[in-house]
Amino acid sequence: MPILETRNLTHIFPNGAAAIQDINFSVAAGEFVVLAGANGSGKTVLIRHLNGLLKPTKGHVFIEGAPIGKDIVQARKKIGLIFQDANSQIVGQTVAEDVAFGPENLNLSPAEVKRIVQEALENVGLSRYADQDPHLLSGGQQRKLAIAGILAMQPKIILFDEPFTGLDYPGVLQVLGEIMRLHKTGHTIILVTHELEKVLAHADRLVIIHEGRLVEDGLPAEVFPRAEQYGVRIPLGKIEGVESMTWLK
Amino acid sequence: MAEMTFFHYFPRDSLIHRMDARLKLLCMILLSVAATLAGTVTEFAFLTFVLGGAICLARLPVVALLKDMRLFALLILLLVAANAFFVPGRPLPYLSIPGVSQEGLVMGLRFAWRLLLILMVCMVMTGATSLLTFKNVVEWYLRPVPLVPAARVATMMNLTFVLFPVIFDTYAEMRAAQKARCIETRKNIIKRVMFTVAPLLSQTLRKADEIAYAMEARCYTEERTRAVFRTKAQDWVLTAVCLVICLAVALR
């Protein structure tokens, strides 16, 4: 049974424009899926459905076989979403307070919240910044904080919406390293990006969305040569296969 | 915003930081009342000493805070000048400035000192209490009040403070981008304001929307983990001291 599945998922905006149409795809536990597409193709709308933030006009999302709307809190606990703009995800005045936001929403005991926050911060290497103002962190650190905030909810699946946007080289390395560590610890990863050269080497599957429709879904090596016709750039210069498409050394 | 120290929280391990935030807020209210009721130089000086002591005890960065106080200097000067010129009374004894009265100047200085004391109270409270703790205290005090959604009010207060730096940063960036395209050459002040207000409002609403989504994604609910407060003997002693100060000023 797939851990996550969508059936005929469709979202029509109030002005009649279709953001996504009849999306059918499933993800197995522990898989690493890269979801690519040009700007405005519907990637963000799709992943916001996976977390139950948007309600579909038609179709369904299932998590471990159960419809997502059945218990939305449990669904959101299982599926963590890391937003494109990490800054807008910050709701705490200090790093630790921000990480505590999720566990406190789950009404855990203060002692448990404290333990989970410490663990999450240790996991992403931000323990020493616990009392710092999150807005003073670097771009890479803010993404790590967003990851810690989601890890504190102990999700099985983590959705990353354009995690490399606006990051410098060290920032990309920090975040990519963190994503890989999460994947190794058994998390299912769905990563939205159009910067395939940074991460594709690590993916099990490449899915491409074009004008709201799922147009490609397969092994990265098979799909990526066709990516450019859907507005997803293939890296310039010498490409030594999908294996070379990573910024990690 | 990041460079400003005023009204910022400074994580430290001090007596004031460790104090039960419910009693801390009560103490600050008592000292604010005392500052409002103070009338003599002795009372003002004593309260300044007490609050100065509290700032030092909380190990707040005094020099940086004094520098930021310059922001209020103009307001304080205006307050003194307005009183000096508009309150009728006798002319100054040694230095005669046309229109300035002795009573007005004294009243202005009294207002200014009072304002400074209240600013010092705010410094101690915000410098030694994280916003989350402050939010929890507000929620705790509001909880018994009927028909008031305490958790919602506290969250709204928290989000307002979260959004402030974001709005300031957006404004600064927007102004810089407009200056780069020579906005100063526009003579119509209303148009210039509109060029800033409309996009700032739209961006702020969009950011607020993003924050709401982010909160929802992390299971936001009003039935959240409740803060646990612990009161120590020294907290009661400090509260008693503040109460005595307030009563002494009020009943003189």
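The values are calculated or read from the model by the stated rules, or taken from the named source; none is laboratory data. Computed from a predicted structure; not experimentally measured. Quick reminder, even Gly has a Cβ in these numbers, built from the backbone with ideal geometry, and neighbours come from all protein chains shown.
Pick from B:T231, B:T170: which is more than 29 Å from A:Q74 (Cβ to Cβ), more than 11 Å from chain A (Cβ to nearest Cβ) and either part of a helix (DSSP H, G or I) or in contact (Cβ under 8 Å) with a residue 12 or more places away in the chain (or both)?
B:T231 is the lone residue from the list that is more than 29 Å from A:Q74 (Cβ to Cβ), more than 11 Å from chain A (Cβ to nearest Cβ) and either part of a helix (DSSP H, G or I) or in contact (Cβ under 8 Å) with a residue 12 or more places away in the chain (or both).
Take the residues of the stretch A:163-194 that are surrounded by fewer than 19 Cβ atoms within 10 Å (Cβ to Cβ) and of a type in the set (D, E, K, R): which is nearest to A:D217 (Cα to Cα)?
A:K184
Filter the stretch B:66-83 for residues that are modelled with pLDDT under 85 and surrounded by 15 or more Cβ atoms within 10 Å (Cβ to Cβ) and give the result.
B:D68, B:M69, B:F72
Could you count how many residues in the stretch A:111-135 are within 26 Å of B:D169 (Cα to Cα) and aliphatic (A, V, I, L, M)?
Number of matching residues: 2.
Kindly evaluate B:F161 against the criterion of being within 14 Å of another protein chain (Cβ to nearest Cβ) and in contact (Cβ under 8 Å) with a residue 40 or more places away in the chain.
So B:F161 fails the test.
In the stretch B:41-70, how many residues are in contact (Cβ under 8 Å) with a residue 60 or more places away in the chain and hydroxyl-bearing (S, T, Y)?
The qualifying residues number 1.
Just need a number here: residues in the stretch A:79-102 that are charged (D, E, K, R), in contact with a helix residue (DSSP H, G or I) (Cβ under 6 Å, 6 or more places away or on another chain) and facing chain B (nearest Cβ under 7 Å).
Residues in the stretch A:79-102 being charged (D, E, K, R), in contact with a helix residue (DSSP H, G or I) (Cβ under 6 Å, 6 or more places away or on another chain) and facing chain B (nearest Cβ under 7 Å): 1 in total.
If A:I158 passes every condition in (1) modelled with pLDDT under 90; (2) within 13 Å of chain B (Cβ to nearest Cβ); (3) not in a loop (DSSP other than H, G, I, E, B) but one, which one does it miss?
For A:I158, the failing item is (1).
Across the stretch B:37-65, what is the total count of residues that are part of a helix (DSSP H, G or I), surrounded by 12 or more Cβ atoms within 10 Å (Cβ to Cβ) and either on the phi > 0 side of the Ramachandran plot or modelled with pLDDT under 90 (or both)?
Qualifying residue count for the region: 3.
Is it true that some residue in the stretch B:104-116 is surrounded by fewer than 19 Cβ atoms within 10 Å (Cβ to Cβ) and within 23 Å of B:L26 (Cβ to Cβ)?
Yes, that holds for at least one residue.
Test A:K55 against the criterion of being among the charged types (D, E, K, R), touching a residue at least 24 places away in the same chain (Cβ under 8 Å) and more than 9 Å from chain B (Cβ to nearest Cβ), and give yes or no.
Against the criterion (among the charged types (D, E, K, R), touching a residue at least 24 places away in the same chain (Cβ under 8 Å) and more than 9 Å from chain B (Cβ to nearest Cβ)), A:K55 does not qualify.
Tell me, which residue of the stretch B:149-189 that is over 29 Å from B:T133 (Cα atoms) and hydrophobic (A, V, I, L, M, F, W, C) is modelled with the highest pLDDT?
Ranking the qualifying residues of the stretch B:149-189, first place goes to B:I189.
Yes or no: A:V113 more than 22 Å from the chain's Cα centre (by Cα), more than 17 Å from B:P165 (Cβ to Cβ) and surrounded by 22 or more Cβ atoms within 10 Å (Cβ to Cβ)?
yes
Quick test for you: out of B:K179, B:K207, pick the one residue that is of a type in the set (K, R) and facing chain A (nearest Cβ under 9 Å).
B:K207
Conditions tested, residue by residue: (1) under 19 Å from A:F164 (Cα atoms); (2) among the hydrophobic types (A, V, I, L, M, F, W, C); (3) touching a residue at least 40 places away in the same chain (Cβ under 8 Å).
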{"residue": "A:V215", "(1), (2), (3)": "no, yes, no"}
{"residue": "A:L219", "(1), (2), (3)": "no, yes, no"}
{"residue": "A:V223", "(1), (2), (3)": "no, yes, no"}
{"residue": "A:E228", "(1), (2), (3)": "no, no, no"}
{"residue": "A:S244", "(1), (2), (3)": "yes, no, yes"}
